[in-house]
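These notes are about the structure you will find just below.
The values are calculated or read from the model by the stated rules, or taken from the named source; none is laboratory data. Please read these numbers as outputs of a predicted model, since none were measured by experiment. FYI the Cβ positions are ideal-geometry reconstructions off the backbone, even for glycines, and counts take in every protein chain you see.
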Amino acid sequence: MNPLIGPESRQNLLWFSISLGFLALLWLLTPVLTPFVAAFIIGYVLNPGVDWMHQRGLPRVLAVLLAMLSVFVVVTALALIVLPILAEELPVLRERLPVLLSRMDAAFGPTLRQWGIGGRLDLIALQKAIAAKLAAGDGSATALLNWLRIGGGALIAWIGTLFLIPIVLFYLLLDWHRVIRRIGETVPRRWSALVAEMAVETDALLAQYLRGQLLVMFLLAAYYSIALTIAGFDVALPVGMLTGLLVFIPYVGFGLGLVLAIIAALLQFSAWDGLIAVAVIYGLGQFLESFLLTPRLVGERIGLHPLVVIFALLAFGQLFGFVGVLLALPASAILSVAFGRLRRHYLSSHFYNQP
């Protein structure tokens with residue numbers, strides 16, 4: 001009998017096909033995996049603390065609840081930093097918006113009109129134009145309603161995700177070791193020792209990644225706070241701390257901090273100095289984060305070249321969206337362990353060493 005079509009080969013091909021189908025299913029379900037991925041990442045961070053409390057006689061259920069309560073306190077503290085700023089500044093911004101539009105028209109209007117582009121920036125005229133468009137019945141109202149429906153659906157999806165994360169996290173932390181053991185039991189026995197060694201190595205790399213990411217967060221929080229203070233912002237400390245501490249959520253932390261800084265600049269400074277300062281501070285901060293701090297402090301700690309870190313963020317984001325961006329560096333750490341093993345095996349193989 002041909003060994004290529006023997007019973008063992010057919011069985012290997014069957015399980016390989018099932019594995020590929022399972023991976024394809026996960027890829028198709030990427031949009032609904034966000035709460036599970038987020039819960040697993042948070043659980044990986046919190047589990048050592050839960051184990052520490054449980055080993056000292058605290059029931060695991062209570063230890064899990066205390067760990068989750070600590071995360072809730074941190075998130076609530078960040079919200080208490082942001083929401084008062086928004087509550088105070090947004091009404092003032094709404095009042096000063098016509099003045100802002102007048103300043104923009106005075107600064108850019110003459111040049112634009114010389115080029116034959118547009119007229120005066122008038123808030124009342126803009127509101128009337130929007131109302132006229134909606135009343136014209138030319139499909140603009142339908143397009144607006146469609147946009148609101150899509151935006152509302154996305155908002156509901158995010159609310160559902162935020163609601164599911166703590167539920168998934170609770171059950172995951174409660175049965176963490178059982179879940180990990182069940183995953184380990186699915187590994188073929190002939191590979192179990194190798195996979196166990198790779199898991200230990202990966203765990204060490206991920207611990208280095210977390211320490212590096214925390215260091216990046218605190219350094220950026222200090223940078224933004226100090227830079228905004230030097231620029232004369234009244235809300236430098238809360239906005240700077242928030243921007244730095246939320247940097248672990250790619251783009252969200254930076255974007256939220258940038259919006260708050262722009263609002264503060266529009267309210268506090270009468271000239272363009274505030275907006276110019278925000279552009280310089282946040283532009284330099286993004287450069288430091290993307291090309292210096294994250295590649296050096298995170299990439300080097302997990303043994304990845306800075307170019308590999310940048311490529312991983314772009315590639316995983318392209319393939320899996322927001323979930324991919326969250327998983328880019330941890331997944332790259334795992335892949336680096338696998339590629340390291342593969343490279344050592346290749347260099348010691350007869351194929352490589354044959355003259």
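Brief remarks on what is shown
- Number of the condition not met by F287 [criteria: (1) loosely packed, with under 13 Cβ neighbours inside 10 Å; (2) hydrophobic (A, V, I, L, M, F, W, C); (3) at pLDDT below 80]: (3)
- From L78, L13, residue being surrounded by 11 or more Cβ atoms within 10 Å (Cβ to Cβ), modelled with pLDDT under 80 and under 20 Å from the mean Cα position of the chain (by Cα): L78
- Looking only at residues of the stretch 206-254 that are in a loop (DSSP other than H, G, I, E, B) and of a type outside the set (A, V, I, L, M), we find that the one that is farthest from V45 (Cα to Cα) is G232.
- Close pairs (6 angstrom Cβ cut-off, 6 or more residues apart or separate chains): under 15 Å from L260 (Cα atoms) in the stretch 271-282, among the β-branched types (V, I, T) and in a helix (DSSP H, G or I) anywhere: V278/I262
- Sole exception among (1) part of a helix (DSSP H, G or I); (2) of a type outside the set (D, E, K, R); (3) surrounded by 11 or more Cβ atoms within 10 Å (Cβ to Cβ) for V73, by number: (3)
- Candidate set: the stretch 298-312, residues that are in a helix (DSSP H, G or I) and surrounded by fewer than 19 Cβ atoms within 10 Å (Cβ to Cβ); chosen: the one modelled with the highest pLDDT: F311
- Test result for M1, modelled with pLDDT under 85, outside any helix (DSSP H, G or I), out of contact with any Pro (no Cβ under 8 Å at 6 or more places or on another chain) and not charged (D, E, K, R): yes
- Among residues of the stretch 327-339 that are at negative phi, those with a Cβ under 8 angstrom from a residue that is in a helix (DSSP H, G or I) and of a type in the set (S, T, Y), sequence gap 6+ or separate chain, pair up as L329/Y209; P330/Y209; A333/T202; A333/Y209; I334/T202; V337/T202.
- Index of the failed condition, F287 passing every other in (1) in contact with a helix residue (DSSP H, G or I) (Cβ under 9 Å, 6 or more places away or on another chain); (2) free of Cβ contacts under 8 Å to residues at least 12 places away in the same chain: (1)
- Flag for Y251 being farther than 28 Å from P48 by Cβ, at pLDDT below 80 and hydroxyl-bearing (S, T, Y): yes
- Among the candidates V239, V247, residue that is under 30 Å from I180 (Cα atoms) and surrounded by 20 or more Cβ atoms within 10 Å (Cβ to Cβ): V247
- Residue in the stretch 40-47 that is at pLDDT 80 or above and surrounded by fewer than 16 Cβ atoms within 10 Å (Cβ to Cβ) present: yes
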